[in-house]
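The values are calculated or read from the model by the stated rules, or taken from the named source; none is laboratory data. Nothing here was measured: the structure is a model prediction, and the numbers come from that model. Heads up, the Cβs are rebuilt from the backbone with ideal geometry, glycines too, and the neighbour counts pull from every protein chain shown.
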Amino acid sequence: MKSNLITELPKINALKTPTSSAWVEQAISNLDTILLDHAQCERKAAGVALNLIFRYPSNAKMVRELTKIAREELEHFELVNQWLDRRNIPMRPLQPPPYGAGLKAQIRSQEPQRFLDSLLVSGLIEARSHERLGLIANYCPEPELAKFYHSLMASEARHFGVYWILADTYFDRELFLSRLDELAVVESELLAHLHPEPRVHS
Ligand SMILES: [Fe+2]
Ligand SMILES: [Fe+2]
C-alpha cells in the first residue's frame, strides 16, 4: 500500500466517545486477564481478515492488504502468547464481552451492504483496539509490558487506516462515511456501560 493513500482520505475520527477511566482502572488491575483476552483479539483479527479473503477472493487490492494484516495479527498473537508463557498464564478460552456480537449484529445480510459493513465494523474494532492498547501502554505500571504495548501501536493504527481505505476503494465515499457514522454510534453505545469482566472491549 502506498503510504500517501491514508492522507487522501478526510481525517476520520471514527470513535464517537473516548474510553472511560473506569475501563483503564479495570484493565490495569487485571493485566493477566487482559493479556489472555488480548491474545484472543489478535487471533480473531487474523481470522476476520482471512474470512474476508475467503469471501471476496476477486477483490485483488483487498486480498493484498488483508494478507498483510492477517500475517501481522498472527505475529501479534504469537507475541502475546509469549507474554502469557512468561507470566505462567495458561491458555484458556474466555467468555467474550457483548461488544463483538453486538457489532456483528449490525452487519446487513445482503451484498454489497454486507461487504461494506464488514469492512467498517473491522475498522471500528481496530480503531478501538488501537485506542485501548495505547491506554494500556501509557498506564501500565510494568515498564517491559508497557514497552510491548507501545510497540504494537504503529501497526494497529495502520490496520484501521487500511479498512477505511478499502471501504473508500469499493464504495462511494459519501455512502461509506454516513454508514460509518451510524456504526460508530452503535460501537460507542456498546461500550457505554463497563462490562463487569475485564476485557479489551469490556
Ligand atoms: Fe494486532
Ligand atoms: Fe490490528
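Contact list please: Cβ distance under 6 Å, first residue in region 16-45 and more than 11 Å from H201 (Cα to Cα), second residue polar (S, T, N, Q) and away from ligand 2 (no atom under 13 Å from the Cβ), pairs at least six apart or on different chains.
Taking only residues 6 or more apart or on different chains, the pairs are K16/S188; T17/S188; A39/N81.
Does S129 satisfy the criteria of being hydroxyl-bearing (S, T, Y), within 14 Å of ligand 2 (Cβ to nearest atom) and at pLDDT below 95?
yes
Please work out if E72 is within 16 Å of ligand 2 (Cβ to nearest atom), touching a residue at least 60 places away in the same chain (Cβ under 8 Å), of a type in the set (D, E) and surrounded by 13 or more Cβ atoms within 10 Å (Cβ to Cβ).
Criteria met by E72.
Residues of region 77-93 being touching a residue at least 12 places away in the same chain (Cβ under 8 Å), away from ligand 2 (no atom under 15 Å from the Cβ) and either surrounded by 14 or more Cβ atoms within 10 Å (Cβ to Cβ) or among the acidic types (D, E) (or both), which ones?
N81, W83, L84, I89
Does region 97-114 contain at least one residue that is more than 16 Å from ligand 1 (Cβ to nearest atom), modelled with pLDDT under 95, in a helix (DSSP H, G or I) and of a type in the set (S, T, N, Q)?
No.
Which numbered condition trips up H159, out of (1) at pLDDT below 95; (2) buried (at least 17 other Cβ atoms within 10 Å of the Cβ); (3) away from ligand 1 (no atom under 13 Å from the Cβ)?
(3)
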